[in-house]
Amino acid sequence: MIFLVQTATALVLALGLVLALRATRLPVSIRVAVAAVLGTLLAQQTMDLLELEGVAWADPVGDTLAGAVPFLWGALLLLVSDRFHLRRLSSERAQTHSLIDDVPAAVALLDGHGRVVRASATWRELFPATEGTPPTATPRSMPESLALAIGRTLAEGGRAKGDAERVPGEDRWWSWGVAPWNEDASAGALVMIEDVTERVRGQADRDSTQRLAVIGELAAGVAHDMNNLLTILQLNLAMLRDVAAHERPALTADALSSMNEAVELASTMTRGVLRLARAESSAERELVSLPSVVEDTVRLVRSTLLRRYELVSSVEGASTLAGNATRLQQMLLNLIVNARDAMPEGGRIDVVLTETAGEATLRVIDHGVGIAPRDQSRLFTPFFTTKGARGTGLGLSVVRAVVEEHGGRVAVESALGRGTTFSITLPTSVASEPRARGFDAPTIAPGSSRS
Amino acid sequence: MTAYRSRVGEHSERELLNLALGLVIVLVSVLKREVFQSLPAHRRLATAGAFLLVAWTATVVEHFVLFELFDAIEHLAYFASAVALTSWVVAAPRSLAEPR
């Protein structure tokens, strides 16, 4: 029985040996190692069979061969593990390269010295013939923050990203990201650049459209009030004509004073509309007085509201921030117009500016219809509106854009049938004398006002 | 070792060494099981190794008890190991190729 088993074992081992030598898909080293194990086992079995037949020298030879099997077996396992590990690494590297080659964005893998070792087709279009060269050393310009981020990531690790940054000397904008290739920063970095020029231009177009919509609405109100003011002027002029005819100087002075006030108010209104209509760049920054922005905006809007609305402003502190007064005014206008639209039957709108350490909070409060909870999460999405055909769906998206431009945040609290409060929190600067600019009044005056 | 050698003869050290090395390989395989589990057709390879270990164990044990039984187990284990290793030779190339 043992003889049969050993014979069968020898035959199977011989078959395995032949298959191993013919397994051309296996690496040669593995084929040799497997053949060594199978061959040694086969020789051992053969020696055992010869020993059974009484061949004296077969026993020590068989024992020697048996002693080699564990070593060969261990070597085989190590070899298979090593080769398969290499194969997997190679496969992963090929996949990564394939991914980098085919990704539609501009992606490049940099080595520890910042040289491009692999780049996508889009990257090669941006930086032609730069493989083997650091992207920062090419003639192609890039945002300074990106160049700094690449250097920092290669030196210290860490990730960085930038959104819609202008390429120096070009009318293009990039969003970018830099990340270390693995935990070891010196191993290199992965850089991704996305050209977001179209998005930036689209946002600018949407802002412009929305601003024009607001201007149109304001212009209608201004025209209405301007007509009233002109009527006052006409009446006073007519009266002056009559009075002058009867030589009554006191009445003449009153009439002239009244006319002067009407002209001043008309002038204020038209200046406000014109300033808003001016397409100032959102990148234009200066020290802006938030109280002045609030007061000027409230004054401008108040003249366009019907009598059933009560617009109340309350301003505390003298917050200033580096920003764009026109954009901030546009933001506040949108919120007040929204508050007005939420109260078709009229009511009170509160505009409250408060100041805490390093932050100013601007709240616009209405007591209107409120916003359904399911709509609140979409409020700031462009073109989303709850006003039907009357709304453009752009107002609150512009609000969010302006708030983000100024490094602030916006929150909304609303209850159906009870009203809505929009809270804008903006980081403030330390107030300084020189260039604080409001809308009309250059003086920053703490206090509150009420209409 | 001396007692064992006096009982089973001069080949005792080689048999014990085989068994010890086999146990070391099993230990390493268990500690590095994640690596071994990622190998192609790893179950067949593990089966071949396990039967080799059985064969080496039976080779030692047969000198103490039930010689005929453990001798038979030894040879059957070698046979099973040969079958498992040969089947691995057939199965492995399907999933393991030369690194590119």
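The values are calculated or read from the model by the stated rules, or taken from the named source; none is laboratory data. Because the structure is predicted, anything quoted here is derived from the model rather than measured. Note that each Cβ is placed from the backbone with ideal geometry, even for glycine, and that neighbours are counted across all protein chains shown.
Just to be sure, is B:PHE64 farther than 16 Å from A:GLN44 by Cβ, surrounded by fewer than 19 Cβ atoms within 10 Å (Cβ to Cβ) and either of a type in the set (Ser, Thr, Tyr) or modelled with pLDDT under 85 (or both)?
On the way: farther than 16 Å from A:GLN44 by Cβ: yes; surrounded by fewer than 19 Cβ atoms within 10 Å (Cβ to Cβ): yes; either of a type in the set (Ser, Thr, Tyr) or modelled with pLDDT under 85 (or both): yes.
Here the answer is yes, as B:PHE64 does meet what is asked.
Looking at the stretch A:408-451, what strands (runs of 3 or more DSSP E) fall wholly within it and have at least 2 residues that are of a type outside the set (A, V, I, L, M, F, W, C), at pLDDT 50 or above and touching a strand residue (DSSP E or B) at 6+ places or on another chain (Cβ under 6 Å)?
Details: elements: A:409-415, A:419-427, A:447-450.
The strands (runs of 3 or more DSSP E) meeting that bar are A:409-415, A:419-427.
Return the residues of the stretch B:56-73 that are touching a residue at least 12 places away in the same chain (Cβ under 8 Å) and more than 9 Å from chain A (Cβ to nearest Cβ); say none if nothing qualifies.
B:THR57, B:ALA58, B:VAL60, B:GLU62, B:HIS63, B:PHE64, B:PHE70, B:ILE73
Only one of (1) of a type in the set (Gly, Ala, Ser); (2) surrounded by fewer than 16 Cβ atoms within 10 Å (Cβ to Cβ); (3) in contact (Cβ under 8 Å) with a residue 60 or more places away in the chain is not met by A:ALA106, so which one is it?
(2)
Test of understanding: among B:ARG94, B:ARG43, which residue is of a type in the set (D, E, K, R) and either in contact with a Leu (Cβ under 7 Å, 6 or more places away or on another chain) or more than 10 Å from chain A (Cβ to nearest Cβ) (or both)? Quick ask: steps written out before the conclusion?
Values: B:ARG94 fails: either in contact with a Leu (Cβ under 7 Å, 6 or more places away or on another chain) or more than 10 Å from chain A (Cβ to nearest Cβ) (or both).
After applying the criteria, what remains is B:ARG43.
Please list, ordered by first then second residue, the pairs with beta carbon atoms under 6 Å, 6 or more apart or interchain, first in the stretch A:152-180 and within 21 Å of A:ALA401 (Cβ to Cβ), second among the basic types (Lys, Arg) and surrounded by fewer than 17 Cβ atoms within 10 Å (Cβ to Cβ).
Here the result reads A:TRP173/A:ARG166, each pair linking the stretch A:152-180 to a residue that is among the basic types (Lys, Arg) and surrounded by fewer than 17 Cβ atoms within 10 Å (Cβ to Cβ).
Only residues that are modelled with pLDDT of 85 or more and surrounded by 17 or more Cβ atoms within 10 Å (Cβ to Cβ): list them for the stretch B:29-49, please. Full working, then the answer.
Step one: list which residues in the stretch B:29-49 are modelled with pLDDT of 85 or more, which gives B:43-49.
The answer is B:ARG44, B:LEU45, B:ALA46, B:THR47, B:ALA48, B:GLY49.
I'd like the full set of residues that are among the aliphatic types (A, V, I, L, M), more than 17 Å from B:VAL24 (Cα to Cα) and in contact with a Phe, Trp or Tyr (Cβ under 8 Å, 6 or more places away or on another chain), limited to the stretch A:44-83.
Across the stretch A:44-83, the qualifying residues are A:LEU49, A:LEU52.
Would you pick out the residues in the stretch A:25-43 that are more than 8 Å from chain B (Cβ to nearest Cβ) and in contact with a Leu (Cβ under 8 Å, 6 or more places away or on another chain)?
A:SER29, A:ARG31, A:ALA33, A:ALA35, A:ALA36, A:GLY39, A:THR40, A:LEU42, A:ALA43
From the set of residues in the stretch A:1-19 that are out of contact with any Ser or Thr (no Cβ under 8 Å at 6 or more places or on another chain) and at the interface with another protein chain (Cβ under 8 Å from one of its Cβ atoms), which is surrounded by the fewest Cβ atoms within 10 Å (Cβ to Cβ)?
So in the stretch A:1-19, the residues out of contact with any Ser or Thr (no Cβ under 8 Å at 6 or more places or on another chain) come out as A:1-9, A:11, A:14, A:17-18.
Cutting the leftovers down to at the interface with another protein chain (Cβ under 8 Å from one of its Cβ atoms) gives us A:1-2, A:5-6, A:8-9.
Numbers: A:MET1: 9, A:ILE2: 15, A:VAL5: 17, A:GLN6: 19, A:ALA8: 17, A:THR9: 25.
Taking the candidates together, the pick is A:MET1.
Would you check which residues across the stretch A:260-297 are among the polar types (S, T, N, Q), outside any helix (DSSP H, G or I) and modelled with pLDDT of 70 or more and list them?
Restricting attention to the stretch A:260-297, the residues satisfying the condition of being among the polar types (S, T, N, Q) are A:260, A:267-268, A:270, A:281-282, A:289, A:292, A:297.
Checking the rest, the ones that are also outside any helix (DSSP H, G or I) come to A:281-282, A:289.
The one that is among the polar types (S, T, N, Q), outside any helix (DSSP H, G or I) and modelled with pLDDT of 70 or more: A:SER289.
Checking A:VAL37 against (1) surrounded by fewer than 18 Cβ atoms within 10 Å (Cβ to Cβ); (2) part of a helix (DSSP H, G or I), only one condition comes out false. Which one?
(1)
Does the stretch A:78-89 include one or more residues that are within 11 Å of chain B (Cβ to nearest Cβ), of a type in the set (A, V, I, L, M) and more than 30 Å from B:THR59 (Cβ to Cβ)?
Within the stretch A:78-89 (the criterion being within 11 Å of chain B (Cβ to nearest Cβ), of a type in the set (A, V, I, L, M) and more than 30 Å from B:THR59 (Cβ to Cβ)), the answer is yes, since at least one residue qualifies.
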